[in-house]
Amino acid sequence: MKALRFERFGDLDVLEVAELPRPVPGPGEILVAVYAASINPSDVKNVQGKMEGTTLPRTPGRDFAGVVVEGPPDLRGADVWGAGGDIGFTRDGSHADYIVVPADGVSRKPALLSFEEAAAVGVNFVAAWAGLHDAARLGAGETVLVTGSAGGVGTSAIQLARWMGARSIGVDQLKQPFLPDHLKSDFSLTTSDDVLAGVRRMTDGRGVDVVYDTVGAPLFETNLAALAPGGRYVLIASVGERRASFDLLDFYHKRTTLAGVDTRALDTRACARILDRLRDGFDSSRLRPPRIAQRFTLDEGKRAYEAANAGAGKIVLTSSAA
C-alpha cells in the first residue's frame, strides 16, 4: 500500500510516499480502506517537530473516512469516519491507503456526506464538541463568544452553538461577510474593535455565558472580563505568547470556571463517541462539513502539505484504496 511517511522531523521535504505492506489488524482491531483523509494544522506541525510525543518513523494523519475491509461481521463493509489524537503520533495515521484502529475507534459515516466531506469534519468538530458540550455544557438560550470565529474550529463551534440552541458572538481579524450564512455568528466583532464594549452592548451589559477561545493569550484578559457571573471559559489553543495574566479577585468573585481542552488527549475511541453524537446533525443538514479547498492524491502528498501549511483551506487526500 502507499503511505506518506517521515523518519525525522523537519521541513516538509522530509515527507515521502512509501510502499508498505498492508497492515494486519490484531485482536479487537479493524482494517479500514481509507477513501479520503484531511490535513489539519496539527498534522503539518507534527511533521515539523512542533508536537509532543510523536514516535518515529510515522505515517501522519488524524482524520479519515473509508470502508471497513477486515473486522467483525457487523462492521465489515461499513462506511465509517474517524479521528484521533493518537493516530499520526503514537500509531500510524490516515495518510495512507489503509489504517488499523480499534473496532470501537470508528463511527458509521453520515449517509448525506461523501467520503471526502466526512474526512474533512473530524478534528474541527471534535474540538468544538469537546469544548462546548463536554467542558462548558453550553445550554439552549445561552450566549457564547467564539474567538478565531472564521477558522475551521471557530466555524464548527458556531454551527454547534446554533444546533444546541445558543447564540454566538464571533471575534476574528475581519468581518464575516465572506462566510456563507450557515458559518456566520449571530453577532460579529473584529479584533480591532473594543471587544469588551461590544459584548456588553450585545448582551445588555450582562456578558456571555461561555467563551470558546481558539486564540489564547492575545485576547485572554478581555475575554475573561466579557464573561457573565458563573461563566465558563474554554481554551483550546494559544497563538504566539504562552502566558497570560488576569485579576484573580474578579475571577473568583464572578465564580468563573476555566477549562482547557486538548484533542490530542482524545484517542480514536473517544473521537468515535463524539462523531456518533454528531451524526444526526449532519444527516439532518443542521450541521455542514467544511468547504474543501483542494484535493490531492497520496502521490501528491508533499504538495498537499505545502498547501495546508500556506493556509489554503481544508485539504483532502484521496487514496488508491477508494
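No value in this document is a laboratory result; all are computed from the given coordinates. If you're wondering where the values come from, they're calculated on a predicted model, not measured in any experiment. Here the Cβ is made from the backbone with ideal geometry for all residues, glycine too, and neighbour counts use every protein chain on show.
Which distance in nm do the two modelled labels at Ser114 and Leu20 give, with both placed 7 Å along the Cα-to-Cβ direction?
Result for the modelled spin labels: 2.7 nm.
If I take every Cα pair under 8 Å that is 6 or more residues apart in the stretch 124-263, average their sequence separation and divide by the length, what percent do I get for the relative contact order?
This gives 24 percent for the stretch 124-263.
Can you work out D for the stretch 124-263 in µm² s⁻¹ from Stokes-Einstein, where Rh is the Kirkwood radius over C-alpha pairs, the temperature is 37 °C and the viscosity is 0.692 mPa s?
On the way: Rh = 14.5 Å.
So the translational diffusion coefficient is about 226 µm²/s.
In nm, what is the difference between 0.36 nm times the number of residues separating Arg201 and Arg277 and their Cα-Cα distance?
Here the answer is 23.9 nm.
Fewest Cβ neighbours within 10 Å first, please rank Ser238, Ser192, Ser320 accordingly.
Result, fewest neighbours first: Ser192, Ser320, Ser238.
Take the cross-link list Lys2/Lys45; Lys50/Lys175; Lys45/Lys314; Lys184/Lys254; Lys45/Lys175 and give me the ones stretching past 25 Å between alpha-carbons.
Over 25 Å Cα-Cα: Lys50/Lys175; Lys184/Lys254; Lys45/Lys175.
Looking at (1) 6, 27, 33, 22, 10, 2, 0; (2) 5, 19, 23, 22, 16, 9, 4, 1, 0, 0; (3) 5, 18, 18, 13, 14, 15, 12, 5, 1, which value of P(r) over Cα pairs in 10 Å bins from 0, in percent comes from a calculation on the structure shown?
Only one option fits the structure, namely (1).
Sorting Ser168, Ser285 on the 10 Å Cβ count, fewest up front, what's the list?
Ser285, Ser168
Quick check of the Kirkwood formula: for the stretch 204-243, what is the inverse mean of 1/r over all pairs of different Cα atoms, in Å?
About 10.4 Å for the stretch 204-243.
Quick check on the exposure proxy: order His253, His133, His95 from fewest to most C-beta atoms within 10 angstrom. Before the final figure, lay out the partial values.
Values: His253 10, His133 15, His95 32.
Listed from fewest to most nearby Cβ atoms, that is His253, His133, His95.
On a 0 to 90 degree scale, rounded to 10, what angle separates helix 268-283 from the longest Cα axis of the chain?
Around 70 degrees separate the two axes.
Using 0.36 nm per residue of separation minus the Cα-Cα distance, give me the extension gain between Lys175 and Ala244 in nm, one decimal. Walk me through the intermediate numbers first.
Values: separation 69, 0.36 × 69 = 24.84 nm, distance 2.59 nm.
Residue separation times 0.36 nm, minus the Cα-Cα distance, leaves 22.3 nm.
Do you know the relative contact order of the chain, to the nearest whole percent, from alpha carbon pairs under 8 angstrom that are 6+ apart? Could the numbers behind the result be given before it?
Working: 773 pairs, mean separation 68.9, N = 322.
For the chain, the relative contact order is 21 percent.
Return one number: the angle in degrees, 0 to 90 and rounded to the nearest 10, between the long axis of the Cα atoms of helix 152-163 and the longest principal axis of the Cα atoms of the chain.
70
Compute the length gained on full extension between Ala225 and Arg255: take 0.36 nm times their separation in residues and subtract their Cα-Cα distance, giving the result in nm to one decimal.
Difference between extended and current length: 9.6 nm.
What is the distance in Å between the Cα centres of the stretch 263-295 and the stretch 139-210?
So the separation of the two Cα centres works out to 21 Å.
If I model a spin label as a point 7 Å beyond the Cα along the Cα-Cβ vector, how far apart are those points for Trp163 and His133 in nm?
0.7
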